[in-house]
C-alpha cells in the first residue's frame, strides 16, 4: 500500500503508540488485501457482492491512510 511513501510508513510504524490509529488502518488494509487475493485465487469462496464490499472497504482504508501519511509528513517535515 502506498509504496511511494514506504519511508514515511516505516517511520510511523517505529513511533508506535503515536500512530496507533494509522497502524490499525494499515494492518486492516493488509488483512483485506490478503482476503481479496485469496478470493480471487479461488482459495476462499465469496459472492461478487462480498468481494466488492471488501474492495470498497480496502479503498476507504487506503484513502484514510493516505490522509494520515500526508498529515504526518507535513507535521514532521519529511
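Specify the angular offset, from 0 to 90 degrees and rounded to the nearest 10, of the alpha carbon long axis of helix 20-40 from the longest principal axis of the alpha carbons in the chain.
30
Hey, fewest Cβ within 10 Å first, where do 32, 54, 2 land in order?
Ascending number of Cβ neighbours within 10 Å: 2, 54, 32.
Quick check: pseudo-label points 7 Å beyond the Cα along Cα→Cβ at residue 60 and residue 33, how many nm apart are they?
2.0
Once the Cα atoms of helix 48-75 and of the chain are each reduced to a long axis, what angle between those two axes, in degrees from 0 to 90 to the nearest 10, is obtained?
Tilt relative to the chain: about 0 degrees.
Below 8 Å between Cα atoms, with a sequence gap of 6+, how large is the relative contact order for the chain in percent?
Relative contact order comes out at 41 percent.
With semi-axes √(5λ) of the Cα gyration tensor in Å in mind, check (1) 31, 15, 8; (2) 75, 13, 7; (3) 28, 11, 10 and report the label derived from this structure.
It is the one labelled (3).
With a 10 Å cut-off between alpha carbons and a GNM built on the chain, which of 33, 63, 48 moves the most?
48
No value in this document is a laboratory result; all are computed from the given coordinates. Everything quoted here is computed from the prediction, not taken from an experiment. Cβ atoms come from the backbone with ideal geometry, glycine included; neighbour counts cover every protein chain shown.
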